[in-house]
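Before any comments, here is the structure.
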Amino acid sequence: MKSDVEIQPHTPENAAARLVEAAGALRGALITHASAIVAADGDTEKFVAADEALAPFLIALDDAYAAITGEVHPMRADEVYATEGCGCDGCGCGADDADAVETAEVSDEATEAVVSVFQRHDYAITDPEALMAAGRAAYLKTSPEATTEQAEAEVNDVDLALLHLAHTDGWNNLWQLEGLRAVGGVTGVVEQDEPLSGDSEEWADEVLGGVIGEDPLFVQVDVYEE
């Protein structure tokens with residue numbers, strides 16, 4: 001079954017789930033980054049490549065944090081509290097406001113790039129009933145007015161259980177669920193010439209068609225709005 005659900009991560013009702021998901025993804029990325037730094041054995045180019053691979057996860061966490069708080073995440077405190085020549089507004093560095101705006105615009109143009117983060121995580125379903133029970137609990141969390149009977153009718157298969165669990169807690173928390181056993185995962189970061197654009201309903205076929213086949217259990221499309 002291909003789901004028609006289209007989740008908008010910038011909306012207030014799932015901003016919390018988006019933050020948790022970003023933090024979970026960053027946790028794994030930090031382990032991968034640390035392993036890459038150790039394996040680099042002093043190779044500067046490998047250090048840079050490892051840092052570049054980590055950057056999208058840091059950015060995702062900062063964006064998710066800002067969606068809830070309107071502030072920059074404390075992990076970027078070196079940028080927030082910089083005091084020398086930072087050109088930011090209100091930090092006490094003494095930079096001229098006009099110069100600060102001009103510097104920011106030039107910096108954005110110079111660093112603009114697009115990367116894609118491709119992930120695959122495999123889970124063995126060890127207890128379908130426990131998984132569906134967790135999915136029904138997730139459904140009731142987002143639909144507190146629903147009854148237990150309605151939850152059972154809504155979540156009647158493991159694919160729907162996973163959909164509701166991902167909606168409430170994010171994809172990167174599935175490994176904690178009773179009824180699933182994490183088998184392994186792989187993440188790849190690829191530089192792109194252009195970001196996703198056009199009709200979002202066609203993205204799955206355009207980008208993942210050769211991977212997910214013609215009849216995936218469901219597809220989640222995230223549309224980020226300015």
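The values are calculated or read from the model by the stated rules, or taken from the named source; none is laboratory data. Computed from a prediction, not measured in an experiment: that's the story for all the values here. Reconstructed Cβ throughout: ideal geometry from the backbone, glycine too, with neighbour counts over all protein chains shown.
Observations, loosely collected:
- Residue pairs whose Cβ atoms lie under 6 Å apart, sitting 6 or more positions apart in sequence or on different chains, and linking a residue in the stretch 112-126 that is among the basic types (Lys, Arg) to a partner that is exposed (fewer than 13 other Cβ atoms within 10 Å of the Cβ) and modelled with pLDDT of 85 or more, are 120/186.
- Only one of the listed residues (111, 147, 168) is modelled with pLDDT of 85 or more and among the hydroxyl-bearing types (Ser, Thr, Tyr). That residue is 147.
- Residues located in the stretch 152-200, provided they are touching a residue at least 24 places away in the same chain (Cβ under 8 Å) and over 25 Å from residue 24 (Cα atoms): 156, 157, 193, 194, 200
Residues checked against (1) out of contact with any strand residue (DSSP E or B) (no Cβ under 7 Å at 6 or more places or on another chain); (2) loosely packed, with under 12 Cβ neighbours inside 10 Å; (3) modelled with pLDDT of 80 or more:
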| position | (1), (2), (3) |
| --- | --- |
| 10 | yes, no, no |
| 33 | yes, no, yes |
| 40 | yes, no, yes |
| 46 | yes, no, yes |
| 52 | yes, no, yes |
| 59 | yes, no, yes |
| 64 | yes, no, no |
| 83 | yes, yes, no |
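- Evaluation of residue 130 against the conditions (1) at pLDDT below 90; (2) closer than 30 Å to residue 155 by Cβ; (3) among the hydrophobic types (A, V, I, L, M, F, W, C); (4) out of contact with any helix residue (DSSP H, G or I) (no Cβ under 8 Å at 6 or more places or on another chain) shows that the sole unmet condition is (1).
- In the set (1) more than 28 Å from residue 124 (Cβ to Cβ); (2) part of a loop (DSSP other than H, G, I, E, B), residue 201 fails one condition alone, (2).
- Total residues in the stretch 138-186, condition in contact with a Phe, Trp or Tyr (Cβ under 9 Å, 6 or more places away or on another chain), part of a helix (DSSP H, G or I) and β-branched (Val, Ile, Thr): 1
- Candidate set: the stretch 212-226, residues that are closer than 16 Å to residue 122 by Cβ and without any contact (Cβ under 8 Å) to a residue 12 or more places away in the chain; chosen: the one surrounded by the fewest Cβ atoms within 10 Å (Cβ to Cβ): 213
- Taken together, 170, 209, 185 contain a single residue that is under 30 Å from residue 49 (Cβ atoms), in contact with a Lys or Arg (Cβ under 8 Å, 6 or more places away or on another chain) and surrounded by fewer than 17 Cβ atoms within 10 Å (Cβ to Cβ), which is 185.
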